[in-house]
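Structure first, commentary second.
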Amino acid sequence: MLSADFLHLEKDVELVNRHADLFHLDIMDGTFVPNISFGFPVVEAIARQAAKPLDVHLMIVHPEKYVERFAKAGAGLISFHYEAALEESEAIIAQIQQLGVKAGIVINPDCPVQSIFPYLDKVDFVLLMSVFAGFGGQKFIPESLERIREVRNRLDRLGRMDVPIEVDGGIGPENAHEVKNAGASILVAGSAVFKAPDPAAAIAAMR
Ligand code: ZN
């Protein structure tokens, strides 16, 4: 939704309701990432009109301070960055799950995938960044494909075939098949949808 038209948000919420599976909401604090996006009033407004789950991606320091408010604002899934949580990651996963929300752990492209292996038996999903968190409209980093395969293999070996890998950044109709074939099943697309001449056709092309 970072690429949506905020002056006509209802139109873009309806587009997602009709054609996509999730609302992916990038929350940026200006500290964990250099950019600031939007906060609770926007999330709550989207929640009022959303017919699909809200997938809240926290790019913030101290995610544990805010997960409860995002759950109350209507999040169905909440992910936080391992780099912002480190040894607190296990406690934050439990905190999110106790709120009845699906918990995901996220890493940036420069964070070794092995860093999150200790949490793969606890999370409900994994979010792998295929660009550096903080801005929309970046180009997909090709090395992300190998990282998806590594995490997928590890999850499968743990018997967690049902845990989806979500991939975020630079995804559109031209590379969605590669991302899927590497083992991802939730693809985040911002610019590729909202900046397309026909956003519904862009989603259909990715499917
Ligand atoms: Zn995101």
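The values are calculated or read from the model by the stated rules, or taken from the named source; none is laboratory data. These numbers were taken from a predicted model, which means no experiment stands behind them. Cβ: placed from backbone, ideal geometry, glycine included. Neighbour counts: every protein chain shown. Calculation scope for accessible area: heavy atoms of the full protein, side chains included, ligands and nucleic acids excluded. Shrake-Rupley method; radii C 1.70, N 1.55, O 1.52, S 1.80 Å.
Condition check ((1) at pLDDT 95 or above; (2) buried (at least 21 other Cβ atoms within 10 Å of the Cβ); (3) over 16 Å from the mean Cα position of the chain (by Cα)) across all residues:
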{"site": "PHE80", "(1), (2), (3)": "yes, yes, no"}
{"site": "GLU83", "(1), (2), (3)": "yes, no, no"}
{"site": "GLU88", "(1), (2), (3)": "yes, no, yes"}
{"site": "ILE92", "(1), (2), (3)": "yes, yes, yes"}
{"site": "ILE96", "(1), (2), (3)": "yes, yes, no"}
{"site": "GLY100", "(1), (2), (3)": "yes, no, yes"}
{"site": "GLY104", "(1), (2), (3)": "yes, yes, no"}
{"site": "PRO112", "(1), (2), (3)": "yes, no, yes"}
{"site": "SER115", "(1), (2), (3)": "yes, no, yes"}
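With the condition kept exactly as written, say whether any residue in the stretch 186-199 is more than 16 Å from the ligand (Cβ to nearest atom), in a helix (DSSP H, G or I) and more than 26 Å from LEU9 (Cα to Cα). Within the stretch 186-199, not a single residue is more than 16 Å from the ligand (Cβ to nearest atom), in a helix (DSSP H, G or I) and more than 26 Å from LEU9 (Cα to Cα). Candidates are the residues of the stretch 12-38 that are among the aromatic types (Phe, Trp, Tyr) and under 19 Å from LEU77 (Cα atoms); the one that is surrounded by the fewest Cβ atoms within 10 Å (Cβ to Cβ) is PHE38. Within the stretch 120-151, restricting attention to residues that are open to solvent by 30 Å² or more (accessible area, probe 1.4 Å) and not in a loop (DSSP other than H, G, I, E, B), which residue is nearest to the ligand (Cβ to nearest atom)? Filtering first and then ranking leaves ARG147.
Considering each of SER115, SER3, SER79, SER37 in turn, give the residue that is among the hydroxyl-bearing types (Ser, Thr, Tyr) and farther than 22 Å from ILE141 by Cα.
That would be SER37, the only listed residue that is among the hydroxyl-bearing types (Ser, Thr, Tyr) and farther than 22 Å from ILE141 by Cα.
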